[in-house]
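As structure tokens, the structure follows; a few thoughts come after it.
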Amino acid sequence: MAQQAENPTGERRLAVLEGVLERITYANEENGYTVARVDTGRGAGDLLTVVGALLGAQVGESLRMEGRWGSHPQYGKQFTVENYTTLLPATVQGIRRYLGSGLVKGIGPVFADRITQHFGLDTLKIIEEEPKRLIEVPGLGPKRTKKIADAWEEQKAIKEVMLFLQTVEVSTSIAVRIYKKYGDASISVVKNQPYRLAADVWGIGFLTADKIAQSVGIPHDSPERVKAGLQYALSQATDQGNCYLPEERLIADAVKLLQVDTGLVIECLAELAEVPEDGGDPGVVREKVPGEHGEKVTAIYLVPFHRAELSLSAQLLRLLRTDEDRMPGFRDVAWDKALAWLKGRTGADLAPEQEAAVKLALTEKVAVLTGGPGCGKSFTVRSVVELARAKKARVVLAAPTGRAAKRLAELTGAEASTVHRLLELKPGGDAAYDKDRPLQADLVVVDEASMLDLLLANKLVKAVPPGAHLLFVGDVDQLPSVGAGEVLRDLLAEDSPIPAVRLTRVFRQAQQSGVVTNAHRINSGQHPVTDGMKDFFLFVEDDTEEAGRLTVDVAARRIPARFGLDPRRDVQVLAPMHRGPAGAGTLNGLLQQAITPGRPDLPEKRFGGRVFRVGDKVTQIRNNYEKGENGVFNGTVGVVTSLDPVDQRLTVLTDEDEEVPYEFDELDELAHAYAVTIHRSQGSEYPAVVIPVTTGAWMMLQRNLLYTAVTRAKKLVVLVGSRKAIGQAVRTVSAGRRCTALDFRLISKNDRSNES
């Protein structure tokens, strides 16, 4: 039903259109822009396209939309919505459709039919005012009745919050999260303390909170705004890997972000650094540390990162210096006999540098083993574990990701777990194991240590008991951790007190591998060799868009056909960046179409710009300590095994063989993982990797990025893109170090302890 309104002077006002929202074909979660199809009741199954700000509208709802008619060259007549209101359906058929759409958790098409048959036009009134009467409907017990009543109430409350937030264009998923965090206090918090949202609600950064604050009248130069902006700038810096920012850089970043006077920023920063009268934590910590070139800089830290850096350095030195030893048998062991016994177990001799690493791990309380692919890190780790277990030592093995932990377990024949699972992290991020309740371990081995960020490394080292031996294993030439810090690099810094061995010799067997050979060539600044290789290929394509399409063809069709690999389980596309025609975002859409296409007989769930289906390869994109047995963490990969539109839930089987349920309103925590960025692939290994290397990713192309991608492959690497882009990646050494002071703290504390 449509009508054109006119005002008394005869000018055309906004047109009005009423209809039932049948399906959403596209939705941008950030700004609420939506493309949808509505049934206007004209019959013949005709659906009309509407576009615009349909923020919060749900499939099955009756809408009264105001907007303008127009025509799209490809899609024809359409209606651009400027605002809308929800109408409750007025016919039994409309009510049935509304309830059966999945809008109310616990009611699918079957129960919608039964409920409307029983209550007719009074159905919605009954759910609203007398929900206990739903038990009259055949098949509806007290449990489901309560679930429906609760879902209805929550839906109403969320709607109220969303209508309020509509004025500031906050996305549906964020409105739901605000409601889940604050409940009935949501509107009050949003109006009176909008900057709390950035700290309390995942997915709301300073920019969104700032937009809300402006709309509720908080002044541009309010100290509250400036302090929130400073903390946001520091938080952004930690997202980019820095533990602190130099004061001058932070002030410049904040002035640019906030568009306020430098003097006001300096004043607010000074206030943030003051310890509150109640003795609580200040907003930031200010401290002098050496900069990149040794000069003193004033570092500004967020409190958790300052604490973690102090704690980690102190705990490492505590472990290193203690007189206790949980493996005293290795102090005066007859190494000739021990190594001969080991050869009998493994069937191979250790190279001299491997032997040095084994002795180091078993005699020093903290040690680091680093080296590139094919240099024997894995065999060295196995040897350390074999000898420790021969002396009845309790060995604990861990890695930052599920895949890396599985690989460590296969290598050593002993149980291994993720660091998160080992520490039994609880909601809020606290660990069950810490300094007061240490792990039951004599030797702790942590693989893929280049992935350890500052906060996780601190939690882990706190839980290692005095006298136990701690061995970090990793490739320091790979990309540093996704989280803040460069822990492995800091442990290996010049003058570091932590003993280390770097394996450099590539074994003959590994020299036959194009993957290993080219990884070392890339790491030393040389072009990879692709001619005549059986496991390393280059498909040259200079056009970025074509390279993206070719990447999909190689991953989904050519590799499975030629090598017999499963495109979902065995082949991983690794992109330098998320955006662009050959970025992980676009490639995920194309790969999903090729590998897990939609089928009319299978349910699917559209969430924002993504569609989730059973069989989809997905990844968790935030740390969530409340999910699963011990939390589900950023980078965890899995496959969607079930999807229930009635209970509005899908289930993911993770790489750690854990089934984790996701409510539909939590789907912003999941992204497709047919293609992932190279940063997100750290710590994982795949039989085959396909890497688009295009000039479209020019700013991201660096040597350690390409090296990390290539070293993710066990058997096969295919590069797709331009020789020019590969040359750029090989030539470009990553610019500068992250802002960390762990190395300085280790060295200075060690010097002080030596003096005393």
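Some notes on this structure:
- Estimated at 0.36 nm per residue, the fully extended path between Lys749 and Arg606 surpasses their Cα-Cα distance by 46.1 nm.
- Quotient of C-alpha Rg and 2.2 N^0.38 Å, computed over region 108-165: 1.19
- Protection proxy ranking of 636-646, 274-284, by the mean of other Cβ atoms within 10 Å over each peptide's residues and highest first, is 636-646, 274-284.
- Cα→Cβ-extended label distance, 7 Å offset, between Glu494 and Gln155, nm: 6.7
- Degrees separating the helix 377-390 axis from the principal Cα axis of the chain, which is the longest one: 70
- Region 341-383, Rg to Rh (Cα coordinates; Rh as Kirkwood inverse mean 1/r): 0.95
- Spatial extent of region 346-483: Rg and Dmax, with the Cα atoms as the point set, Å: 14.3, 47
- Restricting the calculation to Cα atoms, every distinct pair contributes to the Kirkwood radius of region 433-571, found to be 18.9 Å.
- Total formal charge among the other residues, if their Cβ is under 11 angstrom from that of Ala441, Lys/Arg +1 and Asp/Glu -1: +1
- Percent antiparallel among DSSP beta bridges (both partners in the chain, rounded to 5): 60
- Farthest toward positive dipole pole in region 343-425 [+1 Lys/Arg, -1 Asp/Glu at C-beta], among Pro352, Val396, Ala367: Val396
- Shape category assigned to region 597-756 from the gyration tensor of Cα positions, a/c cut at 1.5: oblate
- Helix 584-595 vs. the chain, principal-axis angle (Cα, 0 to 90°, nearest 10): 80
- Cα convex hull of the chain - mean projected area over all directions, nm²: 39.5
- Rolling a 1.4 Å probe across all protein chains gives Thr86 an accessible area of roughly 60 Å².
- Heavy-atom accessible area with a 1.4 Å probe sorts Trp341, Trp335, largest first, into Trp341, Trp335.
- Nearest 10 degrees, 0 to 90: helix 262-273 Cα axis against the chain principal axis: 70
- Segment His293..Arg23, full-extension length gain: 91.4 nm, with 0.36 nm per residue of separation and the alpha-carbon distance subtracted.
- Length gained on full extension, Arg196 to Gln214: 5.1 nm, using 0.36 nm per residue less the C-alpha separation.
- Alpha carbon convex hull of region 465-520, projected area averaged over orientations, nm²: 6.0
- Protection-proxy order for peptides 64-74, 668-678, each taking the mean of Cβ atoms within 10 Å per residue, highest first: 668-678, 64-74
- Directionally averaged projected area (convex hull, Cα atoms, region 255-412), nm²: 15.6
- Percent of C-alpha pairs per 5 Å bin in region 56-141, short distances first: 3, 13, 21, 20, 13, 10, 8, 6, 4, 2, 0.
- Label separation (Asp531 vs Arg331): 6.1 nm, computed from points 7 Å beyond Cα along the C-beta direction.
- Distant alpha-carbon pairs in region 515-635 (separation over 25 angstrom), percent: 39
- Computed with a 1.4 Å probe over protein heavy atoms only, the accessible area of Arg489 comes to about 80 Å².
The values are calculated or read from the model by the stated rules, or taken from the named source; none is laboratory data. In this text, all values refer to a predicted model and were calculated from it rather than measured experimentally. Ideal geometry is used to build each Cβ from the backbone, glycine not excepted, and the neighbour counts take in all protein chains shown. Quick note on the areas: whole protein, heavy atoms, side chains included, nothing else; ligands and nucleic acids left out. Shrake-Rupley method; radii C 1.70, N 1.55, O 1.52, S 1.80 Å.
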